[in-house]
1. For region 155-265, what number results from the quotient of the Cα radius of gyration and 2.2 N^0.38 Å?
2. List the lysines whose Cα sits under 20 Å from the Cα of LYS220, skipping any in the same chain fewer than 8 residues away.
3. I need the shape label for region 184-225. Rule: rounded when a/c is under 1.5, else prolate if a/b > b/c, else oblate, with a, b, c from the alpha carbon gyration tensor.
4. For a quick check, take a GNM of the chain with Cα springs below 10 Å and name the residue from SER170, SER313, SER280 with the largest mean-square fluctuation.
5. Fully extended, how many nm does the chain gain between ASN173 and LYS38 (0.36 nm per residue separation, minus their Cα-Cα distance)?
6. Among VAL214, VAL119, VAL303, what is the fewest-to-most ranking by other Cβ atoms within 10 Å?
7. Kirkwood Rh over alpha-carbon pairs of region 7-49, then Stokes-Einstein at 4 °C and 1.567 mPa s: what D in µm² s⁻¹, rounded to an integer?
8. Tell me which of PHE281, PHE51, PHE158 sits at the most positive position along the dipole axis of the chain, charges placed on C-beta atoms (Lys, Arg +1; Asp, Glu -1).
Amino acid sequence: MLYILFLTTRCNSNCRYCGGFDEDLMPCKIQYELEDLKEFLRKDQKTSIAFYGGEPLLESERMKEIMDMISAKHYILQTNGLLLHEIEDRYLKKFSTILVSLDGREEVHNFYRGNYEVVLRNVRRIRDYKGEIIARMTASQETDIYEDVMSLLSLNTFTHVHWQIDAVWSRENTWRNFEKWVEEYNKKIRRLVKFWVSEMLKKRIHGIVPFLGVATAIFKRFKNFPCSSGFESFAITTEGRILACPVCPEFDWNHLGNIKDGINKRIDISDPCPNCRYFSFCGGRCLFFNKERLWGDKGFKLVCSTVKNLVDSILRYRGILERFKDEIRYPKFLNTTEIIP
């Protein structure tokens, strides 16, 4: 199982597309006793722990305390990278995956987040790190998915690139014309897939996470959300509640229990997803998207069109991908990548 631990709701960045955490959703720091967490996790012999926020490195002392106290098969970190250089080597080498927020080209990242050079410098300071290091983009209005992914690949700094489309939960006035953006995005995805496959034929397999994940699903279909939220992946809030999905702690359907009493409720995937022919590839895209239709039926179908285009673009090269299916299998373990953007 993967357990995503909220260390804090605070953040040291102010991104244009992020509304931050409402103070009423959970306390800003861990309130439960770590012994209770240890006892809860003790029942799982293959525990993976992901540190999450806010910005988890604002609570780096608590993070180190947990790593000293609780043994995990994999430790994972999602960070904005601003404090990445401060992690001591003996803790850094324990991580299997580090995901760093970097939104593609310098001008795009700086438009949304700023500090491109700082983040990149901090990532390069940990060059001796041996695990996965994933550039995790938010794809929003200013994103050109082809140019931004290619920019990240050209850095030769990250093992993988992943992204999530800033859809449905995006802040007001983020989008000027989402329908037009989707049209361009889908076109650029087809171009990017063509590049990815052509490079594969030259024995260069680029770690583009959504492509790897969907290609893997050709040969081993998903039975639920690729991120496994509510099935094999759970989030633990700062006061010890257990959630299926970390991004929406305010919804009752998302509350599955607590670390004292355990998980006492299960998640189901809502229609129309289980009856869709793309379900074995996308699993419903993501739990929040599946449950909360905040953009109505039209918005739901529009976002779905990005998934269908992604799957169809990769299926076009099924014969080639079959030759490389062992090399492209992804993920080897749950690492908080949702796979489907």
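Since every read-out is calculated from the coordinates, none of them should be taken as a lab result. Computed from a predicted model, the values in this text were never measured in an experiment. All Cβ positions, even for glycine, are placed from backbone atoms using ideal geometry, and neighbour counts span all protein chains on display.
1. 1.40
2. LYS308, LYS325, LYS332
3. In terms of gyration-tensor shape, oblate.
4. SER170
5. Difference between extended and current length: 44.3 nm.
6. Placing the least packed residue first, the sequence is VAL303, VAL119, VAL214.
7. Once the numbers are plugged in, D ends up at 99 µm²/s.
8. PHE281
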